[in-house]
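The structure appears right after this line, and notes come after that.
The values are calculated or read from the model by the stated rules, or taken from the named source; none is laboratory data. Here the structure is a predicted model, which is why all the values come from computation and not from measurement. Ideal geometry is used to build each Cβ from the backbone, glycine not excepted, and the neighbour counts take in all protein chains shown. In case anyone asks, the SASA skips ligands and DNA or RNA and just uses the protein heavy atoms, side chains included. Shrake-Rupley method; radii C 1.70, N 1.55, O 1.52, S 1.80 Å.
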Amino acid sequence: MENNIKICVIGLGYVGLPLARLFSTKYPTVGFDLNKNRCEALMAGHDATLEVSDELLQDAIKNHGFKCTSDIEEIKDCNFYVVAVPTPVDENNNPDLTPLYGASTTVGKVIKPGDIVVYESTVYPGVTEDECIPVVEKVSGLKLNKDFFAGYSPERINPGDKLHTVEKIKKVTSGSTPEIGKLVNDVYSSVITAGTHLAPSIKVAEAAKVIENSQRDINIAFVNELSKIFTLMGIDTTDVLEAASTKWNFLPFKPGLVGGHCIGVDPYYLAQCAQRYGYNPEIILAGRRMNDGMGAYVADRVIKLMLKKGIQVLGSEIIIFGFTFKENCPDVRNTKVVDIVNALKEYNLNITIYDPWANPEAVKHEYELIVVNKLPENKKFDAAIMAVAHEKFHHLNINDYLKPIHVIFDVKAIYERTSVDGRL
């Protein structure tokens with residue numbers, strides 16, 4: 001099989017498309033997604049997520065035979081299936097495995113004896129073998145490690161990052177048998193220039209992924225708490241972190257909003273897994289509570305700053321710069337800027353959200369909010385919140401859009417301390 005691999009990547013989002021494009025440079029590759037419009041747009045040569053440039057995408061289609069489809073018939077002749085669908089949480093922060101079950105059903109309809117299915121979606125230890133594979137077995141009538149095989153290689157995509165692209169980030173791999181683990185590792189290592197690490201089991205690989213982002217979440221929660229403490233003490237947090245960073249082993253985390261599809265989600269997967277084994281995690285969930293409360297904290301700080309300046313809050317005009325979950329990226333999944341908006345709404349003021357990266361239709365559909373891609377003309381605001389550090393905002397003269405008496409709150413600390421009224 002090693003010399004006759006044909007790959008199908010199921011799920012063509014921020015994770016699946018860059019991986020599929022990369023695989024296509026080495027193997028015959030088909031991308032599968034239920035969204036027909038998404039597939040048609042990709043085949044026309046443009047990726048709306050901007051993770052794959054038009055040039056690379058068109059090259060993959062023209063010179064490497066890469067194809068995107070929503071027709072299941074067109075992936076039946078593949079033999080190496082990679083599942084890269086989202087793994088969100090529901091409104092109660094419980095893991096939602098619905099996309100994984102759906103993708104596993106799709107795999108079950110097409111998988112054949114000797115084929116391999118590799119999962120990339122972030123999960124807690126045990127999901128691949130205990131939740132996903134049984135679906136594949138039931139639909140296909142085949143048995144794991146007898147008729148077909150499985151692997152797990154957690155995604156390590158960093159949306160919006162054009163430096164650390166998929167091939168430049170070391171990949172963890174694993175397989176349902178030692179032999180399959182080696183084969184999966186060989187396939188990935190043939191395209192991942194940064195190298196791979198073959199984990200001893202699928203559960204180890206799953207656990208490694210879920211703690212990567214949980215660790216970052218806890219570290220950010222710590223500096224978010226420090227920010228609250230230092231604000232009460234009248235000390236600028238950024239100044240403190242810059243001073244502490246002069247020590248060689250100080251970890252340079254910064255306070256802020258923690259959203260997105262990884263850091264703000266993965267800890268809940270790990271926490272639920274721990275609870276299933278009778279352990280109630282304390283640090284993990286404490287970090288989540290701290291980070292989930294930062295949007296409301298920012299709103300509260302802004303209102304207090306407005307009152308101190310004698311600005312009438314009721315009916316005031318506030319502009320929020322940025323809505324995506326991170327800078328220079330159109331991804332609005334699990335953005336925590338929405339928490340700022342919702343907290344401010346309680347004060348009956350008027351909110352304008354400006355983000356040149358966000359898709360207004362996606363924001364409207366997901367959050368029922370209006371986002372504009374252009375700054376309003378001839379309108380002045382009482383307060384501005386710099387919520388996302390888009391590169392474009394760094395060079396913006398924000399005072400041009402504000403009334404003489406105003407408040408500027410800089411969530412990402414992109415401006416000089418003396419030019420803003422408050423920051424984390």
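Placing pseudo-labels 7 Å out from each Cα toward the beta carbon at D147 and S70 gives an inter-label distance of 3.0 nm.
Pairs of Lys residues in the range 192-277, spaced 8 or more positions apart or belonging to different chains, with C-alpha separations under 29 angstrom: 4 in total.
For K143, the aspartates and glutamates whose Cα falls under 18 Å of its own Cα, not counting residues fewer than eight places away in the same chain, are D115, E129, D130, E131, E179.
With the helix formula -39500 (n - 2.57) applied to DSSP H stretches of n ≥ 4, the chain reaches a computed 222 nm mean residue ellipticity of -11500 deg cm²/dmol.
Between T177 and N350, the contour length at 0.36 nm per residue exceeds the Cα-Cα span by 56.4 nm.
Each principal axis of the Cα cloud of the range 310-410 was taken in turn, and the coordinate range along them, longest first, works out to 36, 31, 22 Å. Over the range 1-81, all Cα pairs binned in 10 Å intervals from 0 give whole-percent P(r) values of 21, 58, 19, 1, listed from short to long. Legend: residue pairs K36/K412; K109/K168; K67/K392; K308/K345; K109/K162, Cα-Cα distance threshold 27 Å; pairs beyond threshold, K36/K412; K109/K168; K67/K392; K109/K162.
Per-residue surface analysis assigns L142 an accessible area of about 30 Å², computed on protein heavy atoms at 1.4 Å probe radius.
Cross-link reach is defined here as a Cα-Cα straight distance under 18 Å, omitting same-chain residues fewer than 8 places apart; for K379 the lysines meeting it are K403.
Over the C-alpha atoms of the chain, the Rg to Rh ratio, Rh being the Kirkwood estimate, stands at 1.01. Computed in the context of the full set of protein chains, the accessible area of the range 212-282 at 1.4 Å probe radius has 59% of its extent on carbon or sulfur. Projected onto its three principal axes, the C-alpha set of the range 253-321 covers 54, 25, 20 Å, listed from the longest axis down. Starting from the Cα gyration tensor of the range 232-271, take the square roots of the eigenvalues, sort them a ≥ b ≥ c, and report rounded, prolate or oblate (rounded when a/c is under 1.5, otherwise prolate if a/b is larger than b/c, else oblate). It is prolate, given that a/c is not under 1.5 and a/b is the larger ratio. With contacts taken as Cα pairs under 8 Å and at least 6 residues apart, the range 325-424 reaches a relative contact order of 22 percent.
Model label points for K308 and I169, set 7 angstrom from Cα along the Cα-to-Cβ axis, are 3.9 nm apart. Available extension along the chain between K62 and K109 is 14.0 nm, counting 0.36 nm per residue and deducting the alpha carbon span.
For the range 204-266, the Cβ-based charge dipole about the Cα centre amounts to some 40 debye (Lys, Arg positive; Asp, Glu negative; other atoms uncharged). Helix 283-292 and the longest principal axis of the Cα set of the chain meet at an angle near 50°. Volume per residue of the convex hull around the Cα atoms, evaluated for the range 145-234, comes out as 117 Å³. In straight-distance terms, cross-link reach from K170 covers every one of the aspartates and glutamates whose alpha-carbon lies under 19 Å from its own, apart from those fewer than eight places away in the same chain; here that gives E51, E120, E155, D161, D186, E206, E212. For the range 20-137, pairs of C-alpha atoms spaced more than 18 angstrom apart make up 55 percent of the total.
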